[in-house]
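Visitor: First the structure, which I've put down as structure tokens, then a few questions once you've had a look.
No value in this document is a laboratory result; all are computed from the given coordinates. Please read all numbers here as calculations on a predicted model, not as lab measurements. Cβ sites come from the backbone with ideal geometry, for glycine too, and all protein chains shown count toward neighbours.
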Amino acid sequence: MDASLDKQKTGLTAKALSHLVIEVDDLAVGGFYRDVLGFAPLGSDMIGNCGASVTLGAANGGLLVLSRRDDRPDCSATGVHQAYAVGKAARATIAAALKDRGIAVHTYKEDRPAEEADNFYFADPAGNRVQIVARDDAAGRPPTLDHAAVQVANMWWAEVFYTQTLGCAVEHRVGWKTTDYARAQLWADGKEDMAPGTRRLDQRYSSIVNKKAMPRVNLQIYLRMGAVPFAVYLANQHFQEPPENMLAGTPRAGFSVTNETLDNTARILDAARWPQHGPVLIGEGPIARALYFKDPGGNFIELAVRREN
């Protein structure tokens, strides 16, 4: 069998984002997601391995979980963010609500071609970066979970894991072409406003170019797990990864999969000797079965079989 066809057959194929778990310093932030963004409150502590949490409902059965943590890392200067899709009218309503609350909206230039018209970012009350994308098929409210972006310390290891181990497709890369570095110069010159974590200034050695700082691109990879986009950024600062033996935690991206995909991924990870926890049967709540693991950057990933499936 052709190797590429075999990889497509065995690769991780998600149907949608099942849930996104983000960390907040106060669970009252759920009121912001309810009142400003239109998520529907569903209850407390509904999803396992999230500590004290509140769950809000998104469109199409998606779930946004706010997990309380006091010692959260500051990711404001990184590429880490979560994206939610709404209709164009709803985005205008959100923009007005943010303005009323004195929350700035940033219209950064986009690196991913599919997001060129979706340059709408702000920080929630806990400091998490949020992107709102406009989709013609996302009319009304609540929002749809669109994608998440994480950071890793080693981009090569991350790409090998996601593409070769899990069989995900690469939709777009940033930082591999000369044109990417030309855009970094535009950013350094103040001609393009790029999101934090996408560009940096490298201080050169004193014997090179008179100590000038050189604009550089932070590497980015935009993946697809079946129908679901997922972004990986090269970390631009040191961050503490979770303990090696901790396989389920927060923040976390949960992907909705079939029982067959979950079992197949468990076999793939086992063959690669990659640490995992599960598959786990869950007695109650929206998730019936789950598989937990981390990527090479220590980001928590969950594959979830939803109970309605």
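Visitor: To the nearest 0.05, how large is the calculated FRET efficiency for V280 and E241 if R₀ is 25 Å and r is the Cβ-Cβ distance? Could you put the intermediate results ahead of the total?
Guide: Working: r = 23 Å, r/R0 = 0.90.
It comes to 0.65.
Visitor: Looking at region 232-309, what % of the alpha carbon pairs are farther apart than 16 Å? Present the calculation step by step, with values, prior to reporting the outcome.
Guide: On the way: 1571 of 3003 pairs.
Result for the distance tail: 52 percent.
Visitor: Given labels modelled 7 Å from the Cα in the Cβ direction, how far is it in nm from A227 to A123?
Guide: 3.5 nm
Visitor: For labels at A28 and L42 in the simple 7 Å Cα→Cβ model, what's the distance in nm?
Guide: Distance between label points: 2.5 nm.
Visitor: Moving on. Note down the nm distance, to one decimal, between modelled labels 7 Å out along Cα→Cβ at W156 and at R273.
Guide: Between W156 and R273, the label points sit 2.0 nm apart.
Visitor: Please figure out what share of the DSSP beta bridges in the chain is antiparallel and state it in percent, rounded to the nearest 5.
Guide: Working: 49 of 71 bridges.
Percent antiparallel among DSSP bridges in the chain is about 70.
Visitor: Using the Karplus curve 6.51 cos²θ - 1.76 cosθ + 1.60 with θ = phi - 60°, what ³J(HN,Hα) values do you get for each residue of region 150-163, in whole Hz, with x for Gly and Pro?
Guide: Listing the rounded values in order: 10, 10, 9, 7, 9, 5, 5, 4, 5, 5, 4, 5, 6, 8 Hz.
Visitor: Relative contact order (percent) for the chain, with alpha-carbon contacts under 8 angstrom and 6 or more residues of separation?
Guide: 21 percent
Visitor: I would also like to ask the following. With runs of 4+ DSSP H residues as the only contributors, calculate the mean residue ellipticity of the chain at 222 nm using -39,500 (n - 2.57) per run, divided by the residue total and rounded to the nearest 500.
Guide: Value at 222 nm, helices only, nearest 500: -5000 deg cm²/dmol.
Visitor: Apply the Kirkwood formula to the chain: the hydrodynamic radius equals the inverse of the mean of 1/r over all pairs of different alpha-carbon atoms; give it in Å with one decimal. Walk me through the numbers on the way to the answer.
Guide: On the way: mean 1/r = 0.0495 Å⁻¹.
Every distinct Cα pair counted, the radius reaches 20.2 Å.
Visitor: Top mean-square fluctuation among A134, A272, A58, Gaussian network model of the chain, C-alpha springs under 10 Å?
Guide: The residue that fluctuates most here is A272.
Visitor: Right, next: How much of the DSSP beta bridge set in region 68-208 is antiparallel, as a percent to the nearest 5? Mind showing how you got there, number by number?
Guide: On the way: 9 of 15 bridges.
Around 60 percent of the beta bridges assigned by DSSP in region 68-208 are antiparallel ones.
Visitor: Taking only pairs that are 8 or more places apart or on different chains, how many Lys pairs in the chain have Cα atoms under 26 angstrom apart?
Guide: So the count works out to 17.
Visitor: Shifting gears a bit: Of L166, A117, S67, which is farthest towards the positive pole of the chain's charge dipole, taken about the Cα centre with +1 and -1 on the beta-carbons of Lys, Arg and Asp, Glu respectively?
Guide: A117
Visitor: Relative to 2.2 N^0.38 Å, what does the C-alpha radius of gyration of region 94-151 come to as a ratio? Two decimals please. It would help to have the intermediate numbers written out before the result.
Guide: On the way: Rg = 12.0 Å, N = 58, 2.2 N^0.38 = 10.3 Å.
Relative to the rule-of-thumb radius for its length, region 94-151 sits at 1.16.
Visitor: If you consider only alpha-carbon coordinates, what radius of gyration and Dmax does region 66-131 have, in Å?
Guide: 12.9, 37
Visitor: If you don't mind, another one. Rounded, prolate or oblate: which fits region 1-101, taking a ≥ b ≥ c as square roots of the Cα gyration tensor eigenvalues, rounded meaning a/c under 1.5, else prolate when a/b beats b/c?
Guide: Values: a/c = 1.94, a/b = 1.53, b/c = 1.27.
Here region 1-101 falls in the prolate category.
Visitor: Taking the Cβ-Cβ separation of E260 and L201 as r and a Förster radius of 45 Å, what is the calculated FRET efficiency to the nearest 0.05? Let's see the in-between values first.
Guide: Numbers: r = 48 Å, r/R0 = 1.06.
After rounding to 0.05, the efficiency reads 0.40.
Visitor: Determine the shape class of region 79-203: with a ≥ b ≥ c the square roots of the Cα gyration tensor eigenvalues, call it rounded for a/c under 1.5, and otherwise prolate if a/b is greater than b/c, oblate otherwise. If you can, show how the numbers build up before the last one.
Guide: Numbers: a/c = 1.95, a/b = 1.34, b/c = 1.45.
Cα axes put region 79-203 in the oblate bin.
Visitor: Above 12 angstrom, tally the Cα pairs of region 24-68 and express them as a % of all pairs, no decimals.
Guide: Roughly 53 percent, rounded to a whole number.
Visitor: To the nearest 20 debye, what charge dipole does the chain have about its Cα centre, counting +1 at the Cβ of each Lys and Arg and -1 at the Cβ of each Asp and Glu?
Guide: Working: 34 positive and 36 negative charges, 118 e Å.
The dipole magnitude comes to about 560 debye.
Visitor: Note the full-extension length gain between V170 and E110 as 0.36 nm times their separation in residues minus their Cα-Cα distance, in nm to one decimal. Don't skip to the end; give the middle numbers.
Guide: On the way: separation 60, 0.36 × 60 = 21.60 nm, distance 1.72 nm.
So the chain would gain 19.9 nm between V170 and E110.
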